[in-house]
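Below: the structure, in structure tokens.
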Amino acid sequence: MTKKMAAAASAVIAYMQEENAAIQLQPEAAAVSAPPPPALTSFWGASGRQSQMQLRNLMQLRAVNRI
């Protein structure tokens, strides 16, 4: 391992340790940051959204397979 690679790896590890320490100091902020999921208003609407997402997923898979 070269000196540059060792320096980069140690910098990344130090950054991650500082980030983890900051998260541990403020656990309430991390838990509150995610908004609650929207309420299910209609089963018909949820079914329509699910079918649109499935169709989009199929289209994306077809596009990836052509490459």
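Taking label points 7 Å from Cα along the Cα-to-Cβ direction, Q24 and R62 give a separation of 5.1 nm. With θ taken as phi - 60° and the Karplus curve 6.51 cos²θ - 1.76 cosθ + 1.60 applied, the whole-hertz 3J(HN,Hα) list for segment 8-16 is 5, 5, 5, 5, 5, 5, 5, 4, 5 Hz, x standing for glycine and proline. With the simple model of a label 7 Å out from the Cα in the direction of the Cβ, S42 to S10 spans 6.2 nm.
We did not get these values from a lab; they are worked out from the coordinates using the rules stated. Quick caveat: nothing in here was measured; it's all calculated off a predicted structure. Every residue, glycine as well, gets a Cβ built from its backbone with ideal geometry; the counts of neighbours run over all protein chains shown.
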